[in-house]
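The values are calculated or read from the model by the stated rules, or taken from the named source; none is laboratory data. What you see is a predicted model, and the numbers here were worked out from it, not measured in a lab. Cβ: placed from backbone, ideal geometry, glycine included. Neighbour counts: every protein chain shown.
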Amino acid sequence: MTPENLLILVVIMAIVLYRSSRPQRTSVGRMWAFAVILILLAAVSIYGSFAQFNPPIWQIAAAVVLGLAAGIPLGLLRGHHTQVSATDRHGVMQLGPSWATALIYVGAFVGRAVIRLMLPPTSGVGNVVGDGLLFFAIGIIGATYYAVYRKYEALDHALPQTD
């Protein structure tokens, strides 16, 4: 990993940890945009690995299935336990701090890097486990935000509408 790539990774991790460490007032659109950005970062990382090491497609498919199968239930559970409050503005919510989600996402990238360092680049196990960790994080984040959105919608529809 080049120093420039490491610096970019550290900056992204710092942003994710900072945003997740404090309560946030956020719009539904911004919440989904943040999720899409994190998912795109993971996808670019997986594509880079695919382009560099060219693993068989079945290994990537196994990583997708196993990672999402493990991540989605945990994400739904995490979203169920996330503090969500409706605000006086439609489409805007207050979220409690979420260190767990940030640490899972950052941990998936760190875990993937450690696996890549310990196993040969062409290792099938390294590719499946490393990419599976990223899909695990994607599943958790997507499912958490889905559960948070559902909680917000229930709260928002329960509030009297002011125009």
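Brief remarks on what is shown
- Filter pass, A33 being exposed (fewer than 15 other Cβ atoms within 10 Å of the Cβ), part of a helix (DSSP H, G or I) and among the small types (G, A, S): yes
- Of the residues making up the stretch 56-70, none is aliphatic (A, V, I, L, M) and closer than 24 Å to D156 by Cα.
- Scan of the stretch 84-102 for residues that are surrounded by fewer than 15 Cβ atoms within 10 Å (Cβ to Cβ) and within 18 Å of the chain's Cα centre (by Cα), ordered by number: G96, W99
- Residue check for I115: within 18 Å of the chain's Cα centre (by Cα) and in a helix (DSSP H, G or I): no
- Test result for V28, surrounded by 14 or more Cβ atoms within 10 Å (Cβ to Cβ), in contact with a Leu (Cβ under 9 Å, 6 or more places away or on another chain) and over 19 Å from A137 (Cβ atoms): no
- Selected residue (only one of L9, L17, L74, L38 is part of a helix (DSSP H, G or I) and at pLDDT 80 or above): L74
- Positions within the stretch 78-99 being free of Cβ contacts under 8 Å to residues at least 40 places away in the same chain and part of a helix (DSSP H, G or I), in sequence order: H81
- Scope the stretch 118-143; condition outside any helix (DSSP H, G or I) and not aliphatic (A, V, I, L, M); matching residues: P120, P121, T122, S123
- Test: residue in the stretch 50-66 that is closer than 24 Å to I15 by Cβ and either of a type outside the set (D, E) or touching a Cys at 6+ places or on another chain (Cβ under 8 Å) (or both): no
- Within the stretch 49-71, the only residue that satisfies the criterion of being part of a loop (DSSP other than H, G, I, E, B) and out of contact with any helix residue (DSSP H, G or I) (no Cβ under 8 Å at 6 or more places or on another chain) is N54.
- Considering residues of the stretch 103-141 that are more than 16 Å from A70 (Cα to Cα) and among the hydroxyl-bearing types (S, T, Y) only, the residue surrounded by the fewest Cβ atoms within 10 Å (Cβ to Cβ): T122
- For the stretch 42-61, the set of residues classified as touching a Leu at 6+ places or on another chain (Cβ under 9 Å) and of a type outside the set (S, T, N, Q) consists of A42, A43, I46, listed by residue number.
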